């Protein structure tokens, strides 16, 4: 009996050791930085004095943040980007996955081709799309050939810069979401489709009443991760537009970077970071509530 207890204790200690290492990592690289960021966000910091120069002053940084035109513009841009990016990505990737699952032979090669942009370096992606969208690039030359006299230089145009970033992000992530949807569709029992066909359901009805409900978990996961990722867009903007023209493509993360490292306002940037974290937590909480209600 004692030997069993000793074995159980040793086994438990190993488990606690593995968990402890992860908890230490979370504590060092997430919890402590977040707490420090929050403290900075409610402080005035004299950088010349180091840590001793931090003076708590309340939530004035948050009040000033909402008065800042750049922050308001970045928040609006991020909301527009998130809604358009997530909606188009979900619908398009579902359609592509359905076509691959039902009609395409040799779908693995197509999946590989679609997945490649997801793993390509962001610098390479930015360079390719800058060349495609340039004034003498193939896209604008094609538009001129079909009759458009003065096509917009997309990433430099105030109206088209943000849609161009949305397009590139959809292209980059389409393959990943297609594979997720496709893996879910493959696991849908064929008996359900056959039963729906016997009941007189056509192709669209089978998709609506069989495929979509069976993929609710997959769709929920894709929506959550896509929304979170849409609030973390930085590389493309930093490499392609620098937030411009004007504030047309300035997103929250880029504005935080700009505020902290270009203007040296760490307190102001920390306040924006806390707000961004709160937005992501709030959206995720709402989605989990909706998912639980639908499952009930």
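The values are calculated or read from the model by the stated rules, or taken from the named source; none is laboratory data. Just so it is clear, the model here is predicted, and its values are computed rather than measured. Ideal geometry is used to build each Cβ from the backbone, glycine not excepted, and the neighbour counts take in all protein chains shown.
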Sole exception among (1) touching a helix residue (DSSP H, G or I) at 6+ places or on another chain (Cβ under 8 Å); (2) assigned by TED's automatic domain parsing to the domain that holds residue 181 for residue 56, by number
(2)
The stretch 120-144, residues that are farther than 15 Å from residue 167 by Cβ and not in a helix (DSSP H, G or I):
120, 121, 134, 135, 136
Going residue by residue through the stretch 37-54, is there one that turns out to be loosely packed, with under 11 Cβ neighbours inside 10 Å and at pLDDT 95 or above?
no
Residue under question is residue 85, and the condition is that it be surrounded by 10 or more Cβ atoms within 10 Å (Cβ to Cβ), under 26 Å from the mean Cα position of the chain (by Cα) and assigned to a helix (DSSP H, G or I); does it hold?
yes
Taking residue 232 as the residue in question, decide whether it is under 30 Å from residue 48 (Cβ atoms) and modelled with pLDDT under 95.
no
Could you go through the stretch 22-43 and let me know if any residue there is touching a strand residue (DSSP E or B) at 6+ places or on another chain (Cβ under 9 Å) and part of a helix (DSSP H, G or I).
yes
Can you pull out the residues in the stretch 120-142 that are farther than 27 Å from residue 175 by Cα and out of contact with any helix residue (DSSP H, G or I) (no Cβ under 9 Å at 6 or more places or on another chain)?
136, 141
Go through the stretch 250-276 and report how many residues are in contact with a helix residue (DSSP H, G or I) (Cβ under 8 Å, 6 or more places away or on another chain), part of a loop (DSSP other than H, G, I, E, B) and under 28 Å from residue 157 (Cβ atoms).
2
What are the pairs with Cβ atoms under 9 angstrom where one residue, in the stretch 23-39, is free of Cβ contacts under 8 Å to residues at least 60 places away in the same chain and the other, located anywhere, is surrounded by 10 or more Cβ atoms within 10 Å (Cβ to Cβ) and outside any helix (DSSP H, G or I)? Sequence gap at least six, or different chains.
39/54
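Matching residues to (1) without any contact (Cβ under 8 Å) to a residue 12 or more places away in the chain; (2) surrounded by fewer than 20 Cβ atoms within 10 Å (Cβ to Cβ); (3) under 14 Å from the mean Cα position of the chain (by Cα):
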| position | (1), (2), (3) |
| --- | --- |
| 222 | no, no, yes |
| 230 | no, no, yes |
| 238 | no, yes, no |
| 259 | no, no, no |
| 262 | yes, yes, no |
| 278 | yes, yes, no |
| 285 | yes, yes, no |
What's the number of the only condition in (1) in contact (Cβ under 8 Å) with a residue 24 or more places away in the chain; (2) touching a helix residue (DSSP H, G or I) at 6+ places or on another chain (Cβ under 6 Å); (3) within 28 Å of residue 285 (Cα to Cα) that residue 247 fails to meet?
(3)
Being more than 26 Å from the chain's Cα centre (by Cα) and in contact (Cβ under 8 Å) with a residue 40 or more places away in the chain narrows it down to one of 102, 149, 64, so name that one.
64
